[in-house]
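Worksheet: the structure to be examined is printed underneath.
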Amino acid sequence: MKIAVLGLNHGYTLAQQAKKTPGLTLAAVAGNNESAKERAKELDVPLYQDYKELIDNCLLDGVIITLPNHLHKEAVKYCADKGLHCLVEKPIADTMDAAQEMIDYCQKKQVMLLVGHHRRFSAKINHLKHLLKSDVIGDLVSVNMTWALAKNQSYYKEAWRVKAGGGPLLINGIHDLDNLLYVTDLKIESAYAAGRNKIRSAEVEDVVTAILEAEDGTVIHYFLTDGVPSPWSYEFNVKENPIYHFYNEDCYHFFGTKGSLAFPSFRCYQYSEEEYGWKHPLIEQQFVPADIVDPIAAELEHFEDVMKGVIMPRVPGEAGLRTLEVLEAINLSIREKRRVTLRESKGK
């Protein structure tokens with residue numbers, strides 16, 4: 001299967017992996033800065049500054065789109081017009097309207113749309129999903145999620161990252177929210193959130209606290225910041241990407257009627273029936289997964305099968321839209337300083 005990668009920031013990682021995937025041929029890449037030139041040279045593939053020129057001139061089966069969020073819709077539609085299957089990096093789009101338009105357009109053009117929530121291919125995330133479904137901690141009562149770290153100052157030199165359509169909620173928080181929906185299958189009913197730009201004074205948030213309520217009564221607390229030195233984040237704790245330092249900490253905690261579970265350590269705390277309650281010692285168990293899988297590699301192998309028509313997308317556009325819907329409710333709550341239901345966020 002011949003593919004191209006549009007955008008060489010996160011796209012560079014995908015392009016590198018594509019070169020290692022036996023069933024894929026990286027035909028070309030698109031990017032328009034000095035870094036893109038260096039990376040295309042290292043990848044040993046043609047570089048196009050205009051991705052549309054690449055699409056028009058290369059014989060392809062599919063395209064990986066890692067352009068800025070607000071360009072996803074235009075790029076997907078352009079590729080769909082050429083009959084090319086699309087793997088579009090998360091978030092699926094910068095707005096729900098744009099996401100729905102992309103889904104509808106790909107269906108009309110009969111091309112597959114796979115959203116790049118690659119953590120759904122993680123062995124640790126899938127092990128977490130299995131444990132939660134196995135009733136090991138009973139009925140889920142609450143979830144506490146933290147994503148706190150400090151990015152390099154140079155990261156913010158790209159203007160789109162500090163304007164509407166960028167920011168850590170859409171760029172990073174979307175991952176955590178998708179993890180939440182995937183491992184719990186919760187249907188989020190409402191969001192109440194506060195967001196500030198206290199650290200950088202940019203147009204977009206740099207600190208967010210959100211309380212989410214699910215239809216079954218589960219309550220989720222989520223804290224996110226990209227401007228605080230901290231060891232508590234998925235990237236630093238899960239040890240799936242070698243570019244990040246590893247800290248033996250947990251970033252998610254799940255609280256149930258029978259016990260509590262930490263992720264990614266998989267430490268579980270419970271009481272026995274005979275000695276139940278705070279005057280007795282907790283019983284600790286650890287449910288470490290047997291397998292370790294590179295989620296990026298697994299995602300690309302899956303995309304190959306999607307392009308071949310062997311399998312339907314594991315993360316279809318509709319899944320990306322559901323995650324974006326939760327994020328848009330959070331953003332609306334931040335703007336209007338009130339509790340927002342997901343039903344009303346659809347109309348904003």
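The values are calculated or read from the model by the stated rules, or taken from the named source; none is laboratory data. The structure displayed is predicted, hence computed values, not measured ones. We place every Cβ from the backbone using ideal geometry, glycine too, and count neighbours over all the protein chains shown. Just so you know, the surface numbers come from the protein's heavy atoms only, side chains and all, with ligands and any DNA or RNA stripped out. Shrake-Rupley method; radii C 1.70, N 1.55, O 1.52, S 1.80 Å.
Give me log10 I(q)/I(0) at q = 0.15, 0.16, 0.18, 0.25 Å⁻¹ for the range 220-299, Debye formula, one equal scatterer per alpha-carbon, no solvent.
-0.70, -0.77, -0.90, -1.23
FRET efficiency for E101 and A164, Cβ-Cβ distance as r, R0 = 22 Å, nearest 0.05? Mind showing how you got there, number by number?
Numbers: r = 18 Å, r/R0 = 0.83.
In this case the efficiency is close to 0.75.
Rounded to the nearest percent, how much of the accessible area of the range 250-305 (1.4 Å probe, protein heavy atoms only) is carbon and sulfur?
Working: 1710 of 3260 Å².
Of the solvent-accessible surface of the range 250-305, carbon and sulfur hold 52 percent.
Label R338 and T209 with points 7 Å out from Cα along Cα→Cβ: what is the distance between them in nm?
So the two model labels end up 2.2 nm from each other.
Only Cα pairs under 8 Å and at least 6 apart count here; give the relative contact order of the chain as a rounded whole percent. If you can, show how the numbers build up before the last one.
On the way: 701 pairs, mean separation 67.1, N = 348.
Value for the chain: 19 percent.
With a point put 7 Å past each Cα toward its Cβ, work out how far Q16 is from K77 in nm, to one decimal.
Taking the simple label geometry, Q16 and K77 are separated by 3.4 nm.
GNM on the chain, C-alpha springs below 10 Å: top fluctuator among R39, R119, R322?
R39
Identify which of I243, I171, I55 has the largest mean-square fluctuation in a Gaussian network model of the chain, with springs joining Cα atoms closer than 10 Å.
Among I243, I171, I55, the largest GNM mean-square fluctuation belongs to I243.
Determine ³J(HN,Hα), in whole Hz, for all residues of the range 242-251 in sequence, where each value follows from phi through the Karplus function 6.51 cos²θ - 1.76 cosθ + 1.60 and θ = phi - 60°; x replaces Gly and Pro.
3J(HN,Hα) across the range 242-251, in whole Hz: x, 6, 9, 5, 9, 10, 7, 10, 10, 10.
Give me the percent of DSSP beta bridges within the chain that run antiparallel, rounded to the nearest 5.
Values: 34 of 60 bridges.
Around 55 percent of the beta bridges assigned by DSSP in the chain are antiparallel ones.
Residue-wise, which Karplus ³J(HN,Hα) couplings in Hz belong to the range 141-153, taking 6.51 cos²θ - 1.76 cosθ + 1.60, θ = phi - 60°, and x for glycine or proline?
These are the phi-based 3J(HN,Hα) values: 10, 7, 9, 10, 10, 10, 9, 9, 7, 10, 7, 5, 4 Hz.
Express in nm, to one decimal, how much length is gained between E273 and N33 on full extension, taking 0.36 nm for each residue of separation and deducting their alpha carbon distance. Show your work: numbers first, answer last.
On the way: separation 240, 0.36 × 240 = 86.40 nm, distance 6.26 nm.
My answer for the length gained is 80.1 nm.
Using alpha carbons only, how many angstrom separate the centre of the range 283-324 from the centre of the range 1-37?
A separation of 20 Å, based on Cα centres.
Suppose only helical runs count, i.e. DSSP H with n ≥ 4. What mean residue ellipticity at 222 nm does that imply for the chain under -39500 (n - 2.57) per run, divided by all residues and rounded to the nearest 500 deg cm²/dmol?
Numbers: 11 runs with 117 residues, N = 348.
About -10000 deg cm²/dmol.
Could you derive backbone 3J(HN,Hα) for the range 213-224 from the dihedral phi with the Karplus parameters 6.51, -1.76 and 1.60 (θ = phi - 60°), listing whole Hz in sequence and x where the residue is Gly or Pro?
Residue by residue, the range 213-224 yields 10, 9, 4, 8, x, 5, 10, 10, 10, 10, 10, 9 Hz.
Taking the 0 to 90 degree range and rounding to the nearest ten, how far is the long axis of helix 96-109 tilted relative to the main principal axis of the chain, both from C-alpha atoms?
Helix 96-109 sits at roughly 50 degrees to that axis.
Reachable lysines from K258, Cα under 23 Å, same-chain residues fewer than 8 places away excluded?
K124, K129, K133, K187, K279
Give me the accessible area of T25, 1.4 Å probe, in Å² rounded to the nearest 10.
70
Counting Lys and Arg as +1 and Asp and Glu as -1, each charge on the Cβ, what is the dipole of the range 153-239 about the Cα centre in debye, to the nearest 20? Working shown, then result.
On the way: 8 positive and 13 negative charges, 109 e Å.
Charge dipole of the range 153-239: 520 debye, to the nearest 20.
Roughly how many Å is it from the Cα centre of the range 43-95 to that of the range 97-174, as a whole number?
19
Kindly report the accessible area of the range 248-307 per residue (heavy atoms of protein chains, probe 1.4 Å, no ligands, DNA or RNA), in Å².
Values: 3480 Å² over 60 residues.
Accessible area per residue: 58 Å².
Loop-only GluC sites (Glu not before Pro) in the range 189-243, please: DSSP not H, G, I, E or B, and at most 15 other Cβ atoms within 10 Å.
On the way: sites: E189, E203, E205, E213, E215, E235, E240; in loops: E203, E205, E215, E240.
Answer by residue number: E203, E215.
Using only the Cα atoms, what convex hull volume per residue in Å³ does the range 98-189 have? If you can, show how the numbers build up before the last one.
Details: hull volume 15.3 nm³, N = 92.
Enclosed volume per residue, from the Cα hull, is 166 Å³.
So if I average 1/r over every pair of distinct C-alpha atoms in the range 1-127 and take the inverse, what Kirkwood radius in Å does that give?
Details: mean 1/r = 0.0680 Å⁻¹.
Final number for the Kirkwood radius of the range 1-127 is 14.7 Å.
Taking only Cα atoms, what is the 0 to 90° angle, nearest 10, from helix 10-20's long axis to the longest principal axis of the chain?
Long axis of 10-20 versus the principal axis of the chain: about 80 degrees.
Got a number for the accessible area of R314? Probe 1.4 Å, square angstrom, nearest 10.
100
Compute the convex hull volume of the Cα atoms of the range 261-313, divide it by the residue count, and report the result per residue in Å³ as a whole number. Let's see the in-between values first.
Numbers: hull volume 6.8 nm³, N = 53.
Per residue, the Cα convex hull of the range 261-313 comes to 128 Å³.
Give me the Kirkwood hydrodynamic radius of the range 93-252, using the inverse of the mean 1/r over all pairs of distinct Cα atoms, in Å to one decimal.
Details: mean 1/r = 0.0576 Å⁻¹.
Result for the range 93-252, one decimal place: 17.4 Å.
For M112, what accessible surface area do you get with a 1.4 Å probe? Give it in Å², rounded to 10.
50
Test of the criteria: in the range 228-285, which trypsin sites (Lys or Arg not before Pro) are in a DSSP loop and have at most 14 other Cβ atoms within 10 angstrom of their Cβ?
Numbers: sites: K239, K258, R267, K279; in loops: K239, K258, K279.
Hits after loop and neighbour filter: K258, K279.
Does anyone have the angle between helix 72-81 and the longest principal axis of the chain? Alpha-carbon axes, 0 to 90°, nearest 10?
Once rounded, the angle reads 50 degrees.
Applying 1/(1 + (r/R0)^6) with R0 = 30 Å to the Cβ-Cβ distance of D56 and I292, what FRET efficiency is obtained, to the nearest 0.05? Kindly include the intermediate steps, with their values, before the conclusion.
Values: r = 41 Å, r/R0 = 1.36.
Once rounded, the FRET efficiency stands at 0.15.
With a bin width of 10 angstrom, please list the P(r) values of the range 165-235 as percents of all Cα-Cα pairs, from the 0 bin to the one holding the largest distance.
18, 50, 27, 5
Test of understanding: in a Gaussian network model of the chain with alpha carbons linked when under 10 Å, which of Y234, Y48, Y244 would top the mean-square fluctuation ranking?
Y244
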